[in-house]
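K.L.:
Sending over a structure as structure tokens; questions will come in a sec.
Please treat every number below as a calculation from the coordinates, not as lab data. Here the structure is a predicted model, which means the values were calculated and not measured. Methodologically, a virtual Cβ is constructed for each residue, glycine included, from the backbone with ideal geometry; neighbour enumeration extends over all protein chains shown.
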Amino acid sequence: MSFTYDLQQLTGTLTKYYQESLNGNAPVINQHPIGAIHDDLNLARWAEEGGLKGKQLATFLAAYFPHTTRLYHPHYMAHQVAVPDLTGALGAFVDGFTNQPMSIYEMGPGAAAIEFFMVNWLLEKIGWAPMPLSPNVDTRSHGGGALTHGGSMATLTALICARSHLVENVWDQGVPKDLVVLSPETSHYAISRAIGIMGLGLKSIRSVATDSVGVVLPDKLPILLRQVKSEGKRVLALTANACSTSVGCYDPLQEIGSFCNENNIWFHIDGAHGAGALLSAKYKHRLEGIDTADSIIWDMHKMMRTPGVCAAVLIKNHRHLDTAFAQEGDYLFHEKAQPGVDFISRTLECTKAGLGLKSFFALAAKGTEGLKDYIESRYEITLDAYNYINKLPDFHCAVKPQSNILCFRTDQDEKWHLVLRDHLIKEGSFYLSTAVVNRQRYLRMVLMNPLTSLDEIKLLIKRIRRYSVDYG
Ligand SMILES: *Cc1c(COP(=O)(O)O)cnc(C)c1O
């Protein structure tokens with residue numbers, strides 16, 4: 001069967017790609033202009049003539065791989081995107097192959113069951129009651145959730161839950177003018193984007209006071225609330241980071257949560273990157289108080305070794321999610337005899353991939369313990385990197401890391417650091433990102449790759465120093 005042959009071609013080229021990335025025998029990043037890539041890959045000819053099968057498939061992939069950014073390369077330190085667990089990647093393949101848009105149960109009962117399982121697994125890690133298998137049997141309050149196509153989508157879903165909870169008839173009447181959202185300025189733009197999409201206007205975001213690296217100062221919350229109330233505004237939600245994107249610091253969730261609970265404010269936690277620390281007995285204290293939230297997002301495609309995209313929106317009281325989208329399409333939403341549940345009323349997406357598969361495959365390959373080991377090892381290597389770099393006379397770090405994100409710099413100015421980064425990218429030796437912390441530009445490393453060790457960090461520092469000698 002030619003499909004079997006195609007699979008063999010794939011196996012061969014993928015294995016080679018994986019090995020050479022792992023061994024660092026290819027540039028970690030290699031960027032050419034779009035037009036050059038179109039030509040190199042012969043895209044127009046393929047589109048016209050077809051035939052991407054068998055040996056041709058292998059030839060095409062061999063041309064394609066040099067144009068990838070190699071996440072399996074131990075010098076990949078730029079972004080928070082997972083280095084996928086290989087079984088997780090197979091889960092993504094199986095999902096694409098079987099194509100089970102499981103938001104209605106009848107279109108993928110297995111995929112829906114796996115998503116249901118994953119949501120419950122996450123709810124229990126937070127300390128919230130899982131969804132009962134049969135809603136008619138158990139009417140106690142419990143959590144709810146869904147997997148979404150990414151954290152931005154999950155954030156929007158969570159804030160829509162908050163809005164439907166606070167504003168009755170919002171779907172009919174539209175958005176009232178008196179809503180504000182309290183957020184630290186260090187929030188990911190997914191928050192402001194959701195607020196923009198929801199029609200609140202960015203002016204409705206009120207900055208919560210933070211320390212110099214952007215961690216929320218809970219003592220300052222009462223003043224802000226008084227001020228907002230004196231303007232006649234209602235608080236739609238207060239958001240906090242666990243952890244923040246730029247420096248990877250955790251906000252004090254317990255104190256913020258107590259404040260929100262006392263004042264009847266919807267508490268949203270952005271755990272896209274950092275919620276994975278819940279798996280670790282050693283680091284879960286950073287998330288103490290996470291269960292005081294009303295909504296949480298948690299990206300599987302960051303610290304959970306899941307290929308993109310897959311995130312979870314998790315709601316303490318499932319009713320807030322079940323009633324969040326008060327809009328129905330009657331060809332999809334009708335009484336029917338079925339042994340499972342439809343996720344469709346809980347998500348923005350109508351057709352939705354079987355996202356549970358890739359996250360479950362990654363989890364099931366490693367096991368909870370294996371995933372915990374991965375997360376702990378990345379937090380620890382980042383601390384090692386900090387201890388090494390911060391002692392060097394010509395380098396300093398923005399803050400002692402609380403996760404696997406480290407911001408560091410030399411005494412040179414902003415431009416120097418940006419040009420250095422471009423240089424490293426151009427030569428394909430190291431792939432870093434940058435972040436502005438306390439109005440200063442830092443190089444930023446996010447240690448996602450399980451193979452990155454202190455040796456790679458030392459090589460990086462050596463490379464930067466050599467650059468400094470060569471270019472001043
Ligand atoms: C990545 C990230 C997001 C956005 O999630 P996507 O999956 O990229 O849409 C939101 N918040 C934080 C803290 C993040 O790190």
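K.L.:
At a 10 Å Cβ-Cβ cut-off, how would you order 423, 320, fewest neighbours first? Don't skip to the end; give the middle numbers.
P.N.:
On the way: 423 16, 320 19.
Exposure proxy ranking, most exposed first: 423, 320.
K.L.:
Can you tell me how the chain classifies by the Cα gyration tensor, rounded, prolate or oblate, using a/c under 1.5 as the rounded cut?
P.N.:
oblate
K.L.:
Still on this structure: With a cut-off of at most 12 other beta carbons within 10 Å, and DSSP calling the residue loop, which trypsin sites (Lys or Arg not before Pro) in the stretch 433-466 qualify? Please list them. Please list the in-between numbers first.
P.N.:
On the way: sites: 439, 441, 444, 458, 462, 463, 465, 466; in loops: 439.
Here the sparse-neighbourhood loop sites are 439.
K.L.:
Among the trypsin sites (Lys or Arg not before Pro) within the stretch 160-229, which fall in a DSSP loop and have no more than 16 other Cβ atoms within 10 Å of their own Cβ? Can you show the working numbers first?
P.N.:
Details: sites: 163, 177, 193, 203, 206, 220, 226, 229; in loops: 177.
The qualifying sites are 177.
K.L.:
Could you tell me the distance between the Cα centroids of the stretch 132-193 and the stretch 391-451, to the nearest Å?
P.N.:
35 Å
K.L.:
Still on this structure, I have one more. If we sort 13-20, 110-117 on the protection proxy, mean other Cβ atoms within 10 Å, highest first, what's the order?
P.N.:
Values: 13-20: 14.5, 110-117: 21.5.
Answer by packing, highest mean first, reads 110-117, 13-20.
K.L.:
Apply the Karplus parameterisation 6.51 cos²θ - 1.76 cosθ + 1.60, with θ equal to phi minus 60°, to every residue of the stretch 178-191 and state each ³J(HN,Hα) to the nearest whole Hz, in sequence, with x for glycine and proline.
P.N.:
9, 9, 10, 10, 9, 8, x, 5, 7, 5, 5, 5, 4, 5
K.L.:
Among 373-381, 355-363, how do they line up from the highest to the lowest mean number of other beta-carbon atoms within 10 Å?
P.N.:
Numbers: 373-381: 19.2, 355-363: 28.4.
Going from most to least packed, we get 355-363, 373-381.
K.L.:
Using modelled amide H (1.01 Å from N, peptide plane; none on Pro or chain starts), what sits under 5 Å from the amide H of residue 234, excluding residues fewer than 5 places away?
P.N.:
Answer set, sorted by chain and number: 179, 180.
K.L.:
For the stretch 328-472, with only Lys/Arg (+1) and Asp/Glu (-1) charged at the beta-carbon, what is the dipole magnitude about the Cα centre, in debye rounded to 20? Could the numbers behind the result be given before it?
P.N.:
On the way: 21 positive and 19 negative charges, 113 e Å.
Magnitude of the dipole: close to 540 debye.
K.L.:
Relative contact order for the chain: what is it in percent, counting Cα pairs under 8 Å that are at least 6 residues apart? Can you show the working numbers first?
P.N.:
Details: 875 pairs, mean separation 107.6, N = 472.
Once normalised by length, the contact order is 23 percent.
K.L.:
Right, another one. How large is the charge dipole for the chain, taken about the Cα centre, if only the Cβ atoms of Lys, Arg (+1) and Asp, Glu (-1) carry charge, to the nearest 20 debye?
P.N.:
Charge dipole of the chain: 1020 debye, to the nearest 20.
K.L.:
From the backbone phi of the stretch 424-436, what are the Karplus-calculated ³J(HN,Hα) couplings (6.51 cos²θ - 1.76 cosθ + 1.60, θ = phi - 60°) in whole Hz, Gly and Pro given as x?
P.N.:
Rounded to whole hertz, the list is 5, 5, 4, 7, x, 8, 9, 10, 10, 10, 9, 8, 9.
K.L.:
Checking the table 282/358; 302/366; 391/462; 284/316; 302/352 against a 25 Å threshold on Cα-Cα, which pairs fail? Write down the numbers at each step before the final one.
P.N.:
Details: 282/358 27 Å; 302/366 15 Å; 391/462 14 Å; 284/316 19 Å; 302/352 20 Å.
Long pairs (Cα-Cα over 25 Å): 282/358.
K.L.:
When 210, 4, 59 are ordered from fewest to most other Cβ atoms inside 10 Å of their Cβ, what list results?
P.N.:
Numbers: 210 18, 4 8, 59 14.
The most exposed by this proxy come first: 4, 59, 210.
K.L.:
Which order do peptides 264-270, 412-418 fall in by mean Cβ count within 10 Å, highest first? Kindly include the intermediate steps, with their values, before the conclusion.
P.N.:
Numbers: 264-270: 24.0, 412-418: 14.0.
Put in order of decreasing packing, that is 264-270, 412-418.
K.L.:
Determine, at each q value in 0.12, 0.20 (inverse angstroms), the log₁₀ of I(q)/I(0) that the Debye formula gives when each Cα of the stretch 210-361 is one equal point scatterer.
P.N.:
-0.64, -1.29
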